[in-house]
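Asks: Structure in structure tokens, see below.
The numbers here are math on the coordinates, done by the rules we state, and not lab data. Just so it is clear, the structure is predicted and the values come from calculations on it, not from any experiment. Ideal geometry is used to build each Cβ from the backbone, glycine not excepted, and the neighbour counts take in all protein chains shown.
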Amino acid sequence: MSVRYTFGGDEFIFVEISEDMSLDAFFKGTAITRELQRRNVAGVTEICPANASYQVRYDPDVIAPETLLALLKEIDAEVGDAPLELETRIVEVPVLYNDPWTHETLMRFRERHQDPSSTDLEYAARINGLSTVDAFIAAHSGAPWFVSMVGFVAGLPFMFQMVERSRQLEVPKYLRPRTDTPKLTVGHGGCFGCIYSVRGAGGYQMFGVTPAPIFDPVQRLSYLRDFMVFFKPGDIVKFKPIDRETYDRAVAEVEAGTFELRVKPVKFVLSEFKRDPDAYNRSLAEVLDAD
Amino acid sequence: MPTDKTCVIEVVKPGLATSVQDTGRQGYYYVGIPPSGALDQFSLRAANLLVGNSEDAAALECTLLGPQLLFHADTMIAVTGAEMTPKIDGVAQACNVSLRIKAGSTLTFDHVKAGARACLAVAGGIDVPVVLGSRSTYTLGAIGGLEGRRLQKGDRLTSFAPGHQAKEGLELPADLRTPLAKEIELRVLPGLYHHRLTDESARTFFDDTWVVAPEADRIGYRYKQGRALQFRERVQPFGAGADPSNIVDACYPIGSIQVPGGLEPIILHRDAVSGGGYATIGTVISADMDLIGQMQPNHRAHFVAVSMEQTLAARRAASARLLRLREALGR
């Protein structure tokens, strides 16, 4: 990977780890940004890990651009190829796939879609070589995803599925972005999954909705009490298909303020994952399901 | 002399887009929460100093069409930034001057004559809860300001007790006002994904005159009427979209310029979307960001490429100007 450094005006430095998305690029960015965080550098005000890149905001009156650039290169050389272990957490996100709300929305914006005659799920299944929508949902919910970036709008996680590139689900964005997306839509664009944290514009394909709020300025639910944004880069997500009855029950719990997410701490070791991704993902699922 | 500890402002008409803003929040961009804060930061600081506030107090940012406000207490106000003549009970007042307003008086604004955003400071500063370190409104995330939104008819705002006796008739010197012209230069440090442009487009971007489109708000300013930009052909990297203007989704610096489909450049401002899949081709330097917030639709911009050395020199000049402001209006 040839890392590229470039300045965004006088207050930002942007570092592209790789032009391509890959787990290796994401992990390298994670290792560098965590080390930069640990060093607590005077003048560094924001550290933003992204999918295959990262961005740092700094005060050039405190640390000169060239000094920061040299520091980032030094950190890259030190930690870039070190074995990566991540103390993180795995989160089960319930999803009502093929729900009525995203269906209503996708029909409303059909003329902006590549294939106006089918739904987003039917289209995604077909172009990924899967014979049925159910087979697509099985692939989508079968293997876990890394949260590789949080942003666009407040609290929106971009997710990258933890499978070999040949099994990555790829779906183009809408031809023209929609002006509306239901809140908590599970979407997909390029190789990235996402959950829309708020209602609004969007261009990703829509597959379903989760009843679980992930951004709440009022912080009503227990898992949002510490911070109004739930997801952090490095979180691992496993989607769980649920039926309408389970969804309605969860929504009632959200309204009552009693809804909980299943979250377990987990240590991720890249080398072990790479040796046998499927077996490793099964062991992650066991951590999640253990009581 | 204000006798009440707090001043209540009642919103009779909210104006086009009036919101509570201060110097913004820092440290939450990594979860998609942008800085927010007044788009014209210098005018915010000037307005605050005119009424005896600390320069980072919260004030009202009034866009294009000002609000109508009924005051329920005696206080001091100042209007800076865009030229929107304030009127107290129908009588025209000066911009850039501290004004006394009495309980029962109504503040209105004339149509904007120059610029786009006026900053209305009230002695003591607007009292709304601090959210993640700032009182600034971020409407997309519904946080900060008054209930995370723009002002509405019937809203009631309070201000903190003035900590410092403001002086009536204090005036902001003419050379310390944000320049308000219909055609301006914006200095840009090329970079980010600039190398993805063809040589010709890398040139025409800086040659052409760009006109502010109607889609210009606190998130970003869209520009049109320049020649379309071409990106170099390539096999798109895995995970980037199909269009040559697409990249693997990444962070966007505040002030960065993206060109979806090569058609209309968008400069992200203080309510920016924090990242996405469009190639950015450079960044407006921090010293020129205030100028963008004073552009109206149909105003024109020329982008001027500068070096990092020039960028830092401009930053030093902006800091020196801020020092002059503090000396001119200091306590």
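Asks: Based on other C-beta atoms within 10 Å, arrange A:Trp101, B:Trp210, A:Trp145 from fewest to most.
Replies: Final ranking by Cβ density, sparse to dense: A:Trp101, B:Trp210, A:Trp145.
Asks: Taking only the alpha carbons of region B:13-83, what extent do you get along each of the three principal axes, in Å, biggest first?
Replies: Its Cα atoms span 41, 27, 24 Å along the three principal axes.
Asks: Give the lysines reachable from A:Lys267 as a straight Cα distance under 18 Å; neighbours fewer than 8 places away on the same chain don't count.
Replies: A:Lys28, A:Lys232, A:Lys238
Asks: For region A:157-164, just list the computed ³J(HN,Hα) in residue order, Karplus coefficients 6.51, -1.76 and 1.60, θ = phi - 60°, integers in Hz, with x standing in for Gly and Pro.
Replies: Working through the residues one at a time gives x, 8, 10, 10, 6, 8, 9, 4 Hz.
Asks: Just to be sure I follow: if Rg is taken over the C-alpha atoms of chain B and Rh is the Kirkwood radius over the same atoms, what is Rg/Rh?
Replies: 1.00
Asks: Show me, for region B:291-306, the HN-Hα J-couplings you get by feeding each phi into the Karplus relation (A = 6.51, B = -1.76, C = 1.60, θ = phi - 60°), rounded to Hz, glycine and proline as x.
Replies: Computed from phi, the couplings for region B:291-306 are 5, 4, x, 9, 8, 9, x, 6, 5, 10, 10, 10, 8, 10, 6, 10 Hz.
Asks: Order of B:Thr80, A:Thr105, A:Thr132 from fewest to most other C-beta atoms within 10 Å?
Replies: A:Thr132, A:Thr105, B:Thr80
Asks: Moving on. Treating the angle as unsigned and between 0 and 90°, give the value, to the nearest 10°, between the Cα long axis of helix B:41-50 and the longest Cα principal axis of chain B.
Replies: The angle comes out at about 10 degrees.
Asks: Continuing with the same structure: Just from its helices, what would the mean residue ellipticity at 222 nm be for the protein assembly as shown, if runs of 4 or more DSSP H residues each count -39500 (n - 2.57) and the sum is divided by every residue, rounded to the nearest 500 deg cm²/dmol?
Replies: Here the helix-only value at 222 nm equals -6500 deg cm²/dmol.
Asks: In addition: Using Cα pairs under 8 angstrom and six or more residues apart, how large is the relative contact order of chain A, in percent?
Replies: 20 percent
Asks: Right, next: Take the Cα radius of gyration of the protein assembly as shown and divide it by 2.2 N^0.38 Å, with N its residue count; two decimals is plenty.
Replies: Normalised Rg, Cα atoms only: 1.00.
Asks: Pull up all non-local amide H partners of B:Ser256: gap of 5 or more, or a different chain, and H-to-H distance under 5 Å with H placed in the peptide plane.
Replies: For B:Ser256, the qualifying residues are B:Leu268, B:Val284.
Asks: Please give the Cα centre distance for region A:97-142 versus region B:251-310, rounded to the nearest Å.
Replies: Region A:97-142 and region B:251-310 have Cα centres separated by 35 Å.
Asks: Rounded, prolate or oblate: which one fits region B:1-149, using the alpha carbon gyration tensor with axes a ≥ b ≥ c (rounded when a/c is under 1.5, else prolate when a/b beats b/c, else oblate)?
Replies: prolate
Asks: For A:Gly8, which sequence-distant residues (separation of 5 or more, or a different chain) have an amide H within less than 5 Å of its own amide H, given hydrogens modelled in the peptide plane?
Replies: Here the answer is A:Ile13, A:Phe14, since their amide H atoms fall under 5 Å of that of A:Gly8.
Asks: Something else: With Kirkwood's inverse mean 1/r over C-alpha pairs for Rh, give me the Rg to Rh ratio of region A:228-279, two decimals please.
Replies: Taking Rg over the Kirkwood Rh, I get 1.10.
Asks: Excluding residues fewer than 8 places away in the same chain, name every one of the lysines whose C-alpha is closer than 21 Å to that of B:Lys167.
Replies: Output for B:Lys167: B:Lys5, B:Lys87, B:Lys102.
Asks: Neighbour counts of other C-beta atoms within 10 Å: give me B:Ile266, B:Ile247 arranged from fewest to most.
Replies: Result, fewest neighbours first: B:Ile266, B:Ile247.
Asks: Moving on to the next point. According to the Kirkwood expression over distinct Cα-Cα pairs, how big is the hydrodynamic radius of region B:288-331, in Å?
Replies: Kirkwood hydrodynamic radius for region B:288-331: 12.7 Å.
Asks: Treating only the Cα positions of region B:78-216 as identical point scatterers, give the base-10 log of I(q)/I(0) from the Debye formula at each q in 0.08, 0.15, 0.18 Å⁻¹.
Replies: Here the Debye-derived log intensity ratios amount to -0.36, -1.01, -1.23.
Asks: Further question on the same structure: How large is ³J(HN,Hα) for each residue in region A:264-277, as worked out from phi by the Karplus curve 6.51 cos²θ - 1.76 cosθ + 1.60 (θ = phi - 60°), to whole Hz, x for Gly and Pro?
Replies: Listing the rounded values in order: 10, x, 8, 9, 9, 10, 4, 4, 5, 4, 5, 4, 7, x Hz.
Asks: To continue, here is another question. Across the Cα atoms of region A:157-291, what radius of gyration and what greatest pairwise Cα-Cα distance (Dmax) are found, in Å?
Replies: 16.2, 45
Asks: Sum up the charges of everything whose Cβ sits under 10 Å from the Cβ of A:Phe207, counting Lys and Arg as +1 and Asp and Glu as -1, but leave A:Phe207 out.
Replies: In short, -2.
Asks: What are the principal axis extents of the Cα atoms in region B:100-151, in Å, biggest first?
Replies: 33, 28, 15
Asks: Moving on to the next point. Along the Cα→Cβ direction, 7 angstrom out, place labels at B:Ala114 and A:Phe227. What is the inter-label distance in nm?
Replies: 4.5 nm
Asks: Taking amide H positions as placed 1.01 Å from N in the peptide plane, with prolines and chain starts having none, which residues 5 or more places from B:Ala58, or on another chain, fall under 5 Å of its amide H?
Replies: Result for B:Ala58 returns B:Ile126.
Asks: Distances over 28 Å make up what percent of all Cα-Cα pairs in region A:30-178?
Replies: Counting pairs separated by more than 28 Å, the tail of P(r) holds 40 percent.
Asks: What are the lysines whose alpha-carbon lies under 21 Å from the alpha-carbon of B:Lys182, with same-chain residues fewer than 8 places away excluded?
Replies: B:Lys113, B:Lys224
Asks: Mind listing P(r) for region A:177-237? All alpha-carbon pairs, 5 Å bins, whole percents.
Replies: With a bin width of 5 Å, the distribution comes to 4, 18, 24, 25, 17, 9, 2.
Asks: Which whole number in µm²/s is D for chain A by Stokes-Einstein, with the Kirkwood Rh taken over Cα pairs at 25 °C and 0.890 mPa s?
Replies: Using the Kirkwood radius from Cα pairs, D works out to 122 µm²/s.
Asks: Between A:Arg220 and A:Glu74, what FRET efficiency comes out of the Förster formula 1/(1 + (r/R0)^6) with R0 = 56 Å and r the beta carbon distance, rounded to 0.05?
Replies: So the FRET efficiency works out to roughly 0.80.
Asks: While we're looking at this one, here's another question. Rounding to the nearest 10 and keeping the result within 0 to 90°, find how far the Cα-based axis of helix A:244-256 lies from the longest principal axis of chain A.
Replies: 60 degrees
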